[in-house]
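What follows is calculated from the coordinates using simple rules that are stated; it is not laboratory data. The model shown is predicted, which means the values in this text are computed figures rather than measured ones. Glycine also receives a Cβ, built like all others from the backbone with ideal geometry; neighbour counts cover every protein chain displayed.
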Amino acid sequence: MFGCRLALLPAVLFGIAIAISPAYADDSNSGKLQGTWFTDVTIRQCGTGTVLRTFTAINTFNEGETMIDTTSGASPALRSPGLGKWEKTGSHTYSAVSLALLFNPAGVWTGTQKLTHVIEVNGDENVFTSQSENFDTAGTRISSGCATANGHRL
């Protein structure tokens with residue numbers, strides 16, 4: 001009878017391991033970008049890092065490596081939400097690119113904004129370094145800029 005119990009021990013231990021493993025995996029978002037982030041953005045002078053202004057943005061990184069961004073840095077009448085893609089580049093690092101349409105106050109399309117991000121995720125916090133490029137309707141780059149950001153998961 002003792003031998004029969006001993007023979008069942010590996011199966012019981014395996015069952016316990018399977019039952020508790022998902023709890024550990026679900027408790028941590030460490031290194032995981034997917035989800036919605038509330039982000040404080042700081043626009044900086046590219047050469048010096050001098051702070052020019054700050055504002056809030058919301059970024060959603062979807063399953064399937066697509067993304068959406070919206071910002072309080074520009075009126076919704078002047079900038080559409082950004083749509084883009086992201087990819088994992090390391091254990092806790094990602095790159096992302098999004099495009100938004102730009103308009104003048106009369107509602108006429110004036111060009112696009114391209115944002116390129118490098119993102120590091122640590123649990124429910126992230127850090128961005130970003131480049132912004134604005135293009136006219138012919139695709140000619142008319143301005144560029146730099147930013148950093150700190151975000152937390154919603």
Restricting to Cα pairs under 8 Å and 6 or more apart, the percent relative contact order of the stretch 35-153 works out to 23 percent
Reach of residue 114 by Cα under 12 Å, taken over aspartates and glutamates that are not fewer than 8 positions away in the same chain:
69, 133, 136
In what sequence do 141, 79 fall when counting other Cβ within 10 Å, fewest first?
141, 79
Can you return the aspartates and glutamates within cross-link range of residue 88? Criterion is Cα-Cα under 13 Å, with same-chain partners fewer than 8 residues away left out.
63, 65, 120
